[in-house]
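The structure appears below as C-alpha coordinates.
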Amino acid sequence: MTLAPTLTTLDALQAGQSATVIHLAPTAQEGGADVQRRLMELGFVPGERIRVLKRVLGGPLAVKVGESTFALRRFEAALVSIKPE
(Lines give C-alpha, C1' and ligand atoms only; values in the text may rest on other atoms or scores of the structure.)
Protein backbone atom coordinates (compact mmCIF):
# COMPACT_ATOMS: atom_id res chain seq x y z
CA MET A 1 0.00 0.00 0.00
CA THR A 2 1.41 3.37 -1.04
CA LEU A 3 0.39 6.55 0.68
CA ALA A 4 0.02 9.69 -1.42
CA PRO A 5 2.33 12.52 -0.35
CA THR A 6 0.72 15.25 1.72
CA LEU A 7 0.44 18.41 -0.35
CA THR A 8 -0.40 21.86 0.89
CA THR A 9 0.31 25.43 -0.13
CA LEU A 10 3.20 27.63 0.89
CA ASP A 11 0.99 30.02 2.88
CA ALA A 12 0.28 27.16 5.36
CA LEU A 13 3.96 26.42 6.09
CA GLN A 14 5.28 27.54 9.48
CA ALA A 15 8.49 29.50 10.07
CA GLY A 16 11.52 27.21 10.04
CA GLN A 17 9.85 24.53 7.92
CA SER A 18 11.19 23.39 4.56
CA ALA A 19 9.36 21.99 1.56
CA THR A 20 9.68 21.12 -2.11
CA VAL A 21 7.72 23.03 -4.75
CA ILE A 22 5.30 20.76 -6.62
CA HIS A 23 3.55 23.23 -8.94
CA LEU A 24 2.12 26.73 -9.29
CA ALA A 25 -1.64 27.05 -9.47
CA PRO A 26 -3.16 29.27 -12.13
CA THR A 27 -5.15 32.21 -10.81
CA ALA A 28 -8.30 33.79 -12.17
CA GLN A 29 -7.38 37.21 -10.76
CA GLU A 30 -6.54 39.99 -13.17
CA GLY A 31 -2.80 39.86 -13.78
CA GLY A 32 -2.65 36.26 -12.55
CA ALA A 33 -0.37 35.16 -15.37
CA ASP A 34 2.06 37.93 -14.39
CA VAL A 35 2.10 36.74 -10.76
CA GLN A 36 2.70 33.15 -11.83
CA ARG A 37 5.52 34.21 -14.18
CA ARG A 38 7.11 36.35 -11.43
CA LEU A 39 7.08 33.43 -9.00
CA MET A 40 8.76 31.19 -11.57
CA GLU A 41 11.38 33.85 -12.30
CA LEU A 42 12.13 34.06 -8.56
CA GLY A 43 12.81 30.31 -8.51
CA PHE A 44 9.50 28.82 -7.38
CA VAL A 45 9.68 25.98 -9.89
CA PRO A 46 8.78 22.28 -9.46
CA GLY A 47 11.46 20.36 -7.58
CA GLU A 48 13.00 23.44 -5.91
CA ARG A 49 13.57 23.27 -2.13
CA ILE A 50 12.33 26.25 -0.16
CA ARG A 51 12.26 27.31 3.49
CA VAL A 52 10.02 29.77 5.34
CA LEU A 53 12.23 32.04 7.42
CA LYS A 54 9.61 34.28 8.97
CA ARG A 55 5.86 34.86 8.99
CA VAL A 56 4.18 38.14 9.88
CA LEU A 57 0.67 37.75 11.30
CA GLY A 58 -1.67 38.68 8.48
CA GLY A 59 1.27 39.88 6.41
CA PRO A 60 3.99 38.56 4.12
CA LEU A 61 6.24 35.52 4.45
CA ALA A 62 10.03 35.62 4.15
CA VAL A 63 11.00 32.61 2.02
CA LYS A 64 14.47 31.34 1.11
CA VAL A 65 14.82 29.89 -2.39
CA GLY A 66 18.33 28.72 -3.20
CA GLU A 67 20.67 31.43 -1.92
CA SER A 68 18.06 34.23 -2.16
CA THR A 69 15.37 35.44 0.24
CA PHE A 70 12.05 36.88 -0.93
CA ALA A 71 8.99 38.37 0.72
CA LEU A 72 5.74 36.93 -0.64
CA ARG A 73 2.23 38.19 -0.05
CA ARG A 74 -0.20 35.59 1.29
CA PHE A 75 -2.16 35.32 -1.95
CA GLU A 76 1.10 34.69 -3.85
CA ALA A 77 2.19 32.01 -1.37
CA ALA A 78 -1.22 30.34 -1.73
CA LEU A 79 -0.47 29.71 -5.42
CA VAL A 80 2.59 27.56 -4.63
CA SER A 81 1.71 23.89 -4.00
CA ILE A 82 4.37 22.20 -1.86
CA LYS A 83 5.30 18.91 -0.25
CA PRO A 84 6.48 19.65 3.32
CA GLU A 85 9.61 17.90 4.56
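The values are calculated or read from the model by the stated rules, or taken from the named source; none is laboratory data. The structure displayed is predicted, hence computed values, not measured ones. Methodologically, a virtual Cβ is constructed for each residue, glycine included, from the backbone with ideal geometry; neighbour enumeration extends over all protein chains shown. For the accessible areas, the whole protein counts, side chains as well, though only heavy atoms, and no ligand, DNA or RNA atoms are used. Shrake-Rupley method; radii C 1.70, N 1.55, O 1.52, S 1.80 Å.
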Of PRO26, PRO46, PRO60, the one that fluctuates the most in a GNM where the chain has Cα springs shorter than 10 Å
PRO26
Considering the values [x] 0.92; [y] 1.16; [z] 0.96, which represents Rg/Rh (Cα atoms, Kirkwood Rh) as calculated for the structure under consideration?
[z]
A correct Karplus calculation of ³J(HN,Hα) over segment 7-17, with 6.51 cos²θ - 1.76 cosθ + 1.60, θ = phi - 60°, whole Hz and x for Gly and Pro, returns 10, 8, 10, 4, 5, 8, 6, 8, 4, x, 8
Cβ-defined net charge surrounding SER68, 12 Å radius [Lys, Arg +1; Asp, Glu -1]:
-1
Per residue, how large is the accessible surface of the chain? Use a 1.4 angstrom probe and give square angstrom.
62 Å²
Amide H neighbours of THR9 at under 5 Å, excluding residues fewer than 5 places away on the same chain, with H built from the backbone geometry, are ILE82
Within the set ALA25, ALA71, ALA33, GNM on the chain using Cα springs under 10 Å gives the largest fluctuation to ALA33
So how do LYS83, LYS54 rank on accessible area, 1.4 Å probe, biggest first, that is with the largest at the start?
LYS54, LYS83
Cα→Cβ-extended label distance, 7 Å offset, between ALA33 and ARG74, nm:
2.9 nm
Can you list residues whose amide H is under 5 Å from GLN17's amide H, if they're 5+ apart or on another chain and H is modeled 1.01 Å from N?
VAL52
Among VAL65, VAL56, VAL45, which one shows the highest mean-square fluctuation when the chain is modelled as a Gaussian network with alpha-carbon springs under 10 Å?
VAL56
